[in-house]
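Remarks on the structure that follows.
Read-outs: derived from the displayed coordinates by stated rules, not from any lab. Since this is a predicted model, take the numbers as computed values, not measurements. Cβ placement follows ideal geometry from the backbone for every residue including glycine, while neighbour counts extend to all protein chains displayed.
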Amino acid sequence: MLSHYRRLFHEVLADPRLPDVVLLTLSEIRNQYAAFMNKAPRMKRNFRYEAHTIRNPESASARACWALSKSHALCLTGTPAQNKLRDLHPLLKFLDVESKGLNDLATFTASVTIPYGAGKIVKATELLVGVLSECMIYRPKGTGPGAVQLPKLHDAIIVPVYLTPAEREVYRYIKSVHPFKSHWAKIVRLRQAVDHPALLTKALHGGDIGPKPDDTSDQMRVLLDESNAEANEIIAQDVPLGTLPASLKKHAAIFKPTYLSSKFEALWGILKRIPAGEKVIVFSHFLTNLDMLAESLSENRMSYVNYTGRMEPSERAAALDKIRNDKGCSVLLLSIMAGGTGLDIPACNHVVLIEPWWNPTSRSVEQAISRVHRIGQVREVRVYKLLVKDSIEDSIIKTQDAKKEVIGGLLSLCTVPDVDEMRKWLA
């Protein structure tokens with residue numbers, strides 16, 4: 001077996017000492033696409049782990065994976081479709097599934113996307129399910145033969161948050177008055193406004209965030225799709241508050257990091273109710289949120305650790321060790337993009353999501369919860385989602401529900417029946 005990072009991929013496969021297994025990151029495949037295209041020997045098997053990462057058919061990642069020559073292919077993912085039915089096309093093309101021509105994007109669009117959008121839902125769904133049933137096995141978590149039975153994962157608790165009059169005035173200003181270079185920038189700023197006004201300091205002084213509308217790079221597509229706040233957030237808190245717009249100067253106090261916003265107050269209400277001996281992970285898209293929460297926890301003498309992408313690997317390892325083994329440490333502040341995947345933290349059994357995201361099945365949401373609800377967990381798991389009423393977060397939840405109805409309903413039609421169900425069929 002060879003874990004490959006530095007040698008060119010096609011050179012590795014051309015080596016007479018070719019190993020049985022070659023491990024490649026998606027970024028390596030994408031970066032070496034031009035080098036190995038039409039040069040790499042045919043592989044016997046090609047496994048695409050976290051296959052949903054190539055769901056954009058226009059991305060370099062998808063094109064690079066499609067170019068890999070193989071005899072057999074397998075896609076592994078817990079979320080084959082995240083935003084729309086078209087997410088399935090790149091996976092079908094990677095697998096060389098030719099049924100009904102859905103491995104061709106134009107055919108997929110004409111046969112599925114357009115009819116579904118025109119209201120011909122049954123026709124489009126029946127066609128897609130017919131193809132998927134030939135090539136997909138879908139098992140919801142905790143089902144199927146030999147499934148490990150985990151402690152109960154309770155339904156998420158929606159914690160309603162109501163802005164104060166001053167916070168509401170700031171939110172309205174951002175929504176109706178402040179100019180933005182892109183819709184994306186305005187959406188992010190509205191999301192920040194309902195978290196804590198201190199996040200808006202840069203925007204209120206003429207700064208801006210967000211990608212340019214004409215930026216079609218692969219990296220930017222990922223940014224737009226996953227809300228990579230660690231790369232996107234450019235908060236500047238050292239700008240003097242005296243330059244606030246005249247209409248907001250009377251509310252200068254709420255722009256200070258020490259201010260306890262309505263959402264932070266709701267979070268503290270949850271933290272104070274966590275039973276002694278139990279631990280909680282607090283997820284946020286915005287690093288500045290985590291910084292302010294850290295200060296607040298320190299002031300209240302509550303032991304915590306941070307885990308973000310800006311930390312060194314040794315620092316992150318130390319943080320995980322402390323939350324797992326230090327009985328006095330009860331809170332883990334986690335950037336949702338740094339901690340959405342790859343972590344094993346069953347020491348915690350409470351999860352708080354400070355902000356919602358429009359994709360309910362994205363790795364940043366489902367995987368965040370899976371950090372604690374996994375093998376090794378001995379306690380029941382509870383999830384809390386903070387939601388500011390009468391705000392952009394209401395719209396985000398509606399989008400989540402719509403996507404759950406489309407994608408969840410489709411996958412349920414492809415669910416593998418359990419043994420008892422199959423016995424009923426044969427009775």
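Per-structure values
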| item | result |
| --- | --- |
| Entries in LYS152/LYS398; LYS272/LYS389; LYS120/LYS398; LYS100/LYS123; LYS272/LYS322 that, when Cα-Cα distance is taken, lie over 18 Å | LYS152/LYS398; LYS272/LYS389; LYS120/LYS398; LYS272/LYS322 |
| Centroid-to-centroid separation of the range 66-105 and the range 256-307 [C-alpha atoms, Å] | 41 Å |
| For ARG48, distant residues with modelled amide H under 5 Å away | LEU74, CYS75, LEU76 |
| Relative exposure of LEU334, LEU153, judged by other C-beta atoms within 10 Å (fewest first) | LEU153, LEU334 |
| Label point distance in nm, ARG273-ALA106, each placed 7 Å from Cα along Cα→Cβ | 5.7 nm |
| Ranking of GLU50, GLU295 by count of other Cβ atoms within 10 Å, fewest first | GLU295, GLU50 |
| Proxy reagent accessibility, fewest Cβ within 10 Å first, across LYS385, LYS272, LYS249 | LYS272, LYS249, LYS385 |
